[in-house]
1. If you wrap a convex hull around the Cα atoms of the range 101-152, how much volume per residue is inside, in Å³?
2. Report the extension gain between residue 135 and residue 52 in nm, rounded to one decimal, defined as 0.36 nm multiplied by the number of residues separating them, less their alpha carbon distance.
3. Please state the equivalent ellipsoid semi-axes for the range 66-171: what are the square roots of 5 times the Cα gyration tensor eigenvalues, largest first, in whole Å?
4. Stick to Cα atoms and the Kirkwood definition of Rh, then tell me Rg/Rh for the range 43-118.
5. In nm, what is the difference between 0.36 nm times the number of residues separating residue 147 and residue 33 and their Cα-Cα distance?
Ligand SMILES: [Zn+2]
């Protein structure tokens, strides 16, 4: 083993003119974190693979099947905290008439915009701790989150047109955010 001379040590310390592997210098690929609604695995996908064909690396189920996922205390950190896509949450309960009325609107919108946002249902009866955390005072309540932060909230059932108009400003994908 060779001993490092003073000059080399100095270069190592200053980091100058030494060819070292620096992952930050690699061309940045646009990878998105897409949590699986079925098994909560957080998948990393290139932007161009966002769409119907993409499957979860762990459970092999579709990541973009156009269906809504179910938010629970157990999967909240995986489903809310990772993805660059907006997450839209429908806080509802089985006994609530307006929630039942709004349910199909939410499902339809998830089918239409399922590659531009994640659509999750939060049952405020079975997930009371989560409902308290979100400070839900009436249902249905719709919440949009980005990177784990709430960015919009609206209470009361909406028509498909009203819901999509309310949602539209939040549906810009990460690509347009960085433009
Ligand atoms: Zn999965």
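Every number here is computed from the coordinates shown, using simple stated rules; none is lab data. In this text the structure is predicted, and so the values were computed from the model without any measurement.
1. For the range 101-152, the hull spanned by Cα atoms encloses 94 Å³ per residue.
2. That pair, residue 135 and residue 52, stretches by 26.5 nm at full extension.
3. On the way: eigenvalues 63, 61, 29 Å².
Computed over the range 66-171, the values are 18, 17, 12 Å.
4. Values: Rg = 13.5 Å, Rh = 13.7 Å.
That ratio is 0.98, to two decimals.
5. Values: separation 114, 0.36 × 114 = 41.04 nm, distance 1.05 nm.
Full extension of this stretch gives 40.0 nm more.
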